[in-house]
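> Structure in structure tokens, see below.
The values are calculated or read from the model by the stated rules, or taken from the named source; none is laboratory data. Small disclaimer: the values here were computed from a predicted structure and weren't measured. Here the Cβ positions follow ideal geometry from the backbone for every residue, glycine too, while neighbour counts run over all protein chains shown. Quick note on the areas: whole protein, heavy atoms, side chains included, nothing else; ligands and nucleic acids left out. Shrake-Rupley method; radii C 1.70, N 1.55, O 1.52, S 1.80 Å.
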Amino acid sequence: MRSLSFILGFLVLLGGVAASVYFLRPTPPLEQPDLGGLAPEPLGPPLFEDITARSGVNFTYQNGERTANHLAILESLGGGAGLIDYDGDGLLDIFLPGGGDYTGPDLKEIVGLPCKLYRNLGGGKFEDVTVTVGLDKLADGKPWFYTHGCAVADYDRDGWPDLLVTGWGRVALFRNVAVDPNDPKKGRRFLDVTDQAGLGSGILWSTSAAFGDLDGDGYPDIYICQYVDWSWKKHPACSYDGKIPDVCPPKSFDGLPHKVYRNTGQGSFVDVSKEANLRSGGPTASKGLGVLIIDLDGDGKPDIYVANDTVDNFLYLNRSKPGEIRFEERGQISGVALDDRGTPNGSMGLDAGDPERTGKPNLWVTNYENELHGLYRNDSKPGMAFFHFRTAAAGIAAIGQLFVGWGTAFVDADLDGWEDLVVTNGHAIRYPTGKNSSRKQRPVLLMNHQGKFRDASPRLGTYYDTPRLGRGLAAGDLDNDGRVDLVLSNMNEPAAVLRGIGGQDQHWLGVELVGKQHACVVGARVVLEADGQRQTRFAKGGGSYCSASDRRMNFGLGKAQPGRLIVHWPDGSQQQFTGLSPDRYYRLVQGQESAEPISAKK
């Protein structure tokens, strides 16, 4: 018996030591072997064309490092990009946050730089209309604050998209209004309604934001990520090699609590963060950079997934009812708070798609250097969320761990019906110390081959040739040709516009969802049947990093013709549409029997 007890005790001790070694093991080196990916994508023609030089978009996000060498963590975040058809002409316009700078005797007064709105003229041409639409300054002529991100939604349900801008110390909400209500030909402008809407206080440092109807009343509510509790009084000196000063990591600061605001339906919002059961901030919590609102567990209610930097990611399952927003945080239990080793990552960008055609939204997270990006397969059931880490199995681990990923999106770059992935990259610190690590980095394009991905980054075209400090990424069809284009915001260097040119001989179908009486459609699901195959797209709020993408849904068809299309609306109702023609957009209005063909401008 003593021998048996000794052996059992030794095994328990050995197990404990093994567990300790597992959780304390050092971070693996940057040089990673091929971790089960398919062979690299064969060289092929470019899938994107850089049209920035001839587009008329000429703007640079600035972070202030050229003015002062503060090495503040404020400088590391950069900015996003937004797509919004503000004037209703059927062409997506481009909004770009401007960032900020330093002024004052000691160069420690944080000031904002102007943002820009570029109106889409068609044919790949844009014009700067910032002043014309009133976005050159805030209410009462106040200057811009130091900005990071944006979100787009019709918050007042008047049929026109509105704009929320995030950044240091505050947010700004702009309502899209007519210049002259009696004369539609005079166009649209933006009115700063931040204070009237109840959003003028309570924000310390906002990053990504997302709109979605969380309580089922039809009006989009707002989730706002906050980052860390940094200030000049909380600005330690940091170094990664013990010699050269650099930007401090997020672990040097407490995380700030995030915010959720309920839309009253009367043009204002109420902070319900506490009663909604949001997690508090702290040294090992929060530090939000990305947010996505989407129905993940299939119960009809949009849930919230949050990318946090170096701490657990959040998954808030929606337990709300009309007029009352409530969440249950299930990140760890559902398997999406950590990576496959049980480690929190430096997470930045988010998206959701169905790369394996299971009919459920998989979650995609871009992470920091020396970490794998996270692809989480959705095995949820209604009301119960379960995910499995699929990065290596899907071949994505083969790209290695040299990248610091930010903005990202699922896009079907070649219109073959399988969603591909694009990521913009750039280091967060000034002087990276890892072997083969660099501050400026190239973007990544991963092509999907029936659920398995291959690295096809050179097919991004000439834009791939030059490393950059990538941050924001907005994906959308700027010229209405069915091919998704990209707008990328880079730090201290010009933003870029990439035109999608892949799949020239392939068919496609585009869908725009319109809720009943302009109700929010986030949480809807659309299934397209074609030649015995099914594709699923999801109505989402937020996503990417500090950016707002095209909310229309694009289906690549290859050589097939569209068959039956089924819409699952957020209120539980369903509609079916047939007889749709390929290579065009349709507007699907909840409750209307027929799909409306859209004469899309190019």
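Here is a yes/no grid of residues against (1) over 24 Å from Thr310 (Cα atoms); (2) surrounded by fewer than 24 Cβ atoms within 10 Å (Cβ to Cβ); (3) of a type outside the set (S, T, N, Q):
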| position | (1), (2), (3) |
| --- | --- |
| Ala392 | no, yes, yes |
| Gly400 | no, yes, yes |
| Phe403 | no, no, yes |
| Asp412 | yes, no, yes |
| Lys435 | no, yes, yes |
| Arg459 | yes, yes, yes |
| Thr466 | yes, yes, no |
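> With the requirement that a residue be within 23 Å of Asp479 (Cβ to Cβ) and among the small types (Gly, Ala, Ser), what does segment 561-602 give you?
Ser581, Ala595, Ser599, Ala600
> A further question on this structure: When you scan segment 38-96 for strands (runs of 3 or more DSSP E) that lie fully inside it, which ones turn up with 1 or more residues that are acidic (Asp, Glu)?
Details: elements: 48-50, 82-84, 93-96.
In segment 38-96, the matching strands (runs of 3 or more DSSP E) lie at 48-50, 93-96.
> Looking at this structure, is Asp583 touching a residue at least 12 places away in the same chain (Cβ under 8 Å), under 22 Å from Asp416 (Cβ atoms) and open to solvent by less than 30 Å² (accessible area, probe 1.4 Å)?
Details: touching a residue at least 12 places away in the same chain (Cβ under 8 Å): yes; under 22 Å from Asp416 (Cβ atoms): yes; open to solvent by less than 30 Å² (accessible area, probe 1.4 Å): no.
The answer is no for Asp583.
> Shifting gears a bit: Of the residues Lys116, Lys142, Lys125, which is of a type in the set (D, E, K, R) and touching a strand residue (DSSP E or B) at 6+ places or on another chain (Cβ under 8 Å)?
Values: Lys142 fails: touching a strand residue (DSSP E or B) at 6+ places or on another chain (Cβ under 8 Å); Lys125 fails: touching a strand residue (DSSP E or B) at 6+ places or on another chain (Cβ under 8 Å).
After applying the criteria, what remains is Lys116.
> So which residues in segment 182-223 are open to solvent by less than 50 Å² (accessible area, probe 1.4 Å), closer than 29 Å to Gly90 by Cα, without any contact (Cβ under 8 Å) to a residue 60 or more places away in the chain and outside any loop (DSSP other than H, G, I, E, B), if there are any at all?
Hit for segment 182-223 is Asp192, nothing else.
> Moving on to the next point. Step by step: first the residues of segment 165-181, then only those that are in a loop (DSSP other than H, G, I, E, B) and without any contact (Cβ under 8 Å) to a residue 24 or more places away in the chain, then the one that is least open to solvent (accessible area, probe 1.4 Å). Which residue is that? I'd like the intermediate steps shown before the answer.
Our first condition is that a residue be in a loop (DSSP other than H, G, I, E, B); within segment 165-181, this holds for 169, 179-181.
Now narrow it down to the ones that are without any contact (Cβ under 8 Å) to a residue 24 or more places away in the chain: 179-181.
Values: Val179: 67, Asp180: 39, Pro181: 110 Å².
In this case the residue turns out to be Asp180.
> Return the only residue of Gln533, Gln592, Gln561, Gln504 being within 28 Å of Gly451 (Cα to Cα), surrounded by fewer than 17 Cβ atoms within 10 Å (Cβ to Cβ) and without any contact (Cβ under 8 Å) to a residue 12 or more places away in the chain.
Details: Gln533 fails: without any contact (Cβ under 8 Å) to a residue 12 or more places away in the chain; Gln592 fails: within 28 Å of Gly451 (Cα to Cα); Gln561 fails: without any contact (Cβ under 8 Å) to a residue 12 or more places away in the chain.
Sole residue among the options that is within 28 Å of Gly451 (Cα to Cα), surrounded by fewer than 17 Cβ atoms within 10 Å (Cβ to Cβ) and without any contact (Cβ under 8 Å) to a residue 12 or more places away in the chain: Gln504.
> Looking at (1) more than 24 Å from the chain's Cα centre (by Cα); (2) of a type outside the set (A, V, I, L, M, F, W, C); (3) modelled with pLDDT of 95 or more, which is the only condition Asp50 fails?
Unmet for Asp50, out of (1) more than 24 Å from the chain's Cα centre (by Cα); (2) of a type outside the set (A, V, I, L, M, F, W, C); (3) modelled with pLDDT of 95 or more: (1).
> Also, I was wondering about something else. Quick check on this structure: which one of Asp340, Asp312, Asp299 is open to solvent by 10 Å² or more (accessible area, probe 1.4 Å), part of a loop (DSSP other than H, G, I, E, B) and touching a helix residue (DSSP H, G or I) at 6+ places or on another chain (Cβ under 6 Å)?
Step by step, each of Asp340, Asp312, Asp299 is checked, and only Asp312 is open to solvent by 10 Å² or more (accessible area, probe 1.4 Å), part of a loop (DSSP other than H, G, I, E, B) and touching a helix residue (DSSP H, G or I) at 6+ places or on another chain (Cβ under 6 Å).
> So which residues in segment 280-296 are under 19 Å from Ser76 (Cβ atoms) and outside any loop (DSSP other than H, G, I, E, B)?
Within segment 280-296, Gly288, Leu289, Gly290, Val291 qualify.
> Determine if segment 157-164 includes at least one residue that is open to solvent by 60 Å² or more (accessible area, probe 1.4 Å) and under 27 Å from Asp550 (Cβ atoms). Step through it out loud before you land on a result.
Let us first name the residues in segment 157-164 that are open to solvent by 60 Å² or more (accessible area, probe 1.4 Å), namely 160.
Of the ones still in play, those that are also under 27 Å from Asp550 (Cβ atoms) are 160.
Scanning segment 157-164 turns up at least one residue that is open to solvent by 60 Å² or more (accessible area, probe 1.4 Å) and under 27 Å from Asp550 (Cβ atoms).
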